[in-house]
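The structure under discussion appears below in the form of structure tokens.
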Amino acid sequence: PPPPEFFPQDFYLGYPVDTPVVLSYFDQDDDLVAVPEEDLTPRLFGRAKWALGVKNAKLVDSAVVYTVHGEIHEEDEDDDEVTGDLPDDEEYVRVLASFADEESGREEIHIVE
């Protein structure tokens, strides 16, 4: 490491204790796309907060990203279930909750981990 005189103070990297999440939707090509930052209105945040509240979790507007406080357990979730191999250009995401939002021009918004 460099000598201490180059860095007179300590720096720390932090990671949220809660689970980071993204509000997203499926576009015309069925690709999952993050809701643009300019569309993340207080009304949309309130609806997302309600959708998670139904599952006994809390959506938090933390400093950098939205996070979920609490655990969400799906009744029909089977962690041992294998869904098959995904193509190299795709990845698995867990949808924690979904809600309708026609006002934003998107039929359904998903809260994904």
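The values are calculated or read from the model by the stated rules, or taken from the named source; none is laboratory data. This one's a predicted model, so the numbers in the text were calculated from it and none came from an experiment. As a convention, Cβ positions derive from the backbone with ideal geometry for all residues, glycine included, and neighbour counts pool all protein chains shown. Accessible surface is based on the protein model in full, side chains and every heavy atom, while ligands, DNA and RNA are left aside. Shrake-Rupley method; radii C 1.70, N 1.55, O 1.52, S 1.80 Å.
Summary of values
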item	result
Condition check for Phe11: open to solvent by 100 Å² or more (accessible area, probe 1.4 Å) and modelled with pLDDT under 85	yes
Every residue from segment 44-84 that is at pLDDT 90 or above, of a type outside the set (S, T, N, Q) and open to solvent by 80 Å² or more (accessible area, probe 1.4 Å)	Arg47, Lys49, Trp50, Val54, Lys58, Asp61, His69
Of all residues making up segment 53-70, the number that are within 14 Å of His110 (Cβ to Cβ) and among the hydrophobic types (A, V, I, L, M, F, W, C)	2
